[in-house]
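Heads up, the thing below is written out as structure tokens.
The values are calculated or read from the model by the stated rules, or taken from the named source; none is laboratory data. Bear in mind that the values here come from a model prediction, so they are computed numbers and not experimental data. Every residue, glycine as well, gets a Cβ built from its backbone with ideal geometry; the counts of neighbours run over all protein chains shown.
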Amino acid sequence: MENGQQISDFANLHEQIYHADCMELMAHIPDGFVSLILTDPPYGISYQNHFTRKKHQILEGDTGIDYERFAWESYRILADNAHAYFFTRFDCYPYHYDCLKQAGFQIKNCLVIEKGNVGGIGDLQGSFANNAEWLIFCQKGRRVFNRTTLLPNRNGGIPHAGRKPYREYKTRFPACWFGEEYPKATYNSSWLRKHQIFHPTVKNVEFLSWLIQISSLPEELVFDGFMGTGSTALAAIINGRSYLGAEISGEYYALAQKRIKEVSENGGY
């Protein structure tokens with residue numbers, strides 16, 4: 001670990017990203033300690049984009065993790081009556097689903113969210129382009145969605161069939177988010193170049209903010225064991241939540257700290 005962090009530092013957990021292995025950190029987190037899990041664990045695909053001038057380094061840990069253990073630890077550290085979101089991929093989905101179910105989660109949906117860029121890897125002539133991220137949405141116990149002001153109802157305030165008027169804002173969202181009214185799951189390549197962020201799976205802070213507003217309350221603790229460049233932490237800060245997580249790569253850990261400092265000083269992102 002960097003910056004003098006030792007295993008003993010986990011004994012008094014406080015809001016930060018640890019430069020550490022996720023599983024190592026989770027082992028020191030008490031039962032029911034976190035209020036929301038929002039994370040993108042490695043799938044074991046050794047992702048490296050060969051279609052850009054700036055090659056992404058192969059992600060540390062992307063040879064795969066012990067997902068069964070990760071699912072059990074996630075269930076253990078999550079508070080009762082709380083939500084969890086796990087990014088996945090179509091060919092990993094069955095295994096991830098099974099592990100999370102066996103750990104005790106109630107799996108409610110698979111969300112499909114439009115990407116900022118259409119995927120440009122794989123068989124370019126014999127397969128469909130990947131333009132969406134998949135997330136497994138789980139509950140530990142039962143938690144209803146918060147009422148937000150994220151998406152206006154088209155018929156908001158208009159009475160219907162002698163009943164009360166439609167609510168001004170949506171209280172139930174679809175499982176597929178496509179189109180201009182929804183945030184993209186990831187940033188496009190021009191945004192990444194502008195901000196000099198070279199990571200293959202940078203999540204859109206606005207999108208993560210929507211999930212955080214839907215599934216947690218101010219001051220609650222959001223956990224991401226694979227922080228990458230820190231997007232989950234930024235979304236938590238912007239929405240008045242606490243954050244806790246880990247990032248194993250020294251390069252991305254440093255970039256996450258830089259982004260957190262910028263958003264804390266500027267009050268936005």
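Structure above, values below:
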read-out	value
In segment 165-194, residue nearest to the chain's Cα centre (by Cα) [restricted to those that are part of a loop (DSSP other than H, G, I, E, B), over 20 Å from Glu133 (Cβ atoms) and modelled with pLDDT under 75]	Tyr166
When residues of segment 1-37 are limited to those that are more than 17 Å from Ala84 (Cα to Cα) and polar (S, T, N, Q), the one modelled with the lowest pLDDT	Asn3
Which numbered condition Tyr182 fails, given (1) on the phi < 0 side of the Ramachandran plot; (2) crowded, with 19+ Cβ neighbours inside 10 Å	(2)
Flag if Ile197 is crowded, with 20+ Cβ neighbours inside 10 Å and over 19 Å from Leu135 (Cβ atoms)	no
Filtered residue count, segment 240-256, keeping only those that are farther than 20 Å from Met26 by Cα and crowded, with 19+ Cβ neighbours inside 10 Å	1
Residue satisfying condition, being on the phi > 0 side of the Ramachandran plot and either at pLDDT below 95 or in contact with a helix residue (DSSP H, G or I) (Cβ under 8 Å, 6 or more places away or on another chain) (or both), within set Gly230, Gly250, Gly225	Gly230
Within segment 72-99, tally of residues that are of a type in the set (A, V, I, L, M, F, W, C), within 23 Å of Phe207 (Cα to Cα) and either without any contact (Cβ under 8 Å) to a residue 40 or more places away in the chain or buried (at least 23 other Cβ atoms within 10 Å of the Cβ) (or both)	3
Condition check for Ile197: aliphatic (A, V, I, L, M), at pLDDT 95 or above and over 15 Å from Val34 (Cα atoms)	no
Selection within segment 89-139 - over 20 Å from Leu38 (Cα atoms) and small (Gly, Ala, Ser)	Gly119, Gly120, Gly122, Gly126, Ser127, Ala129
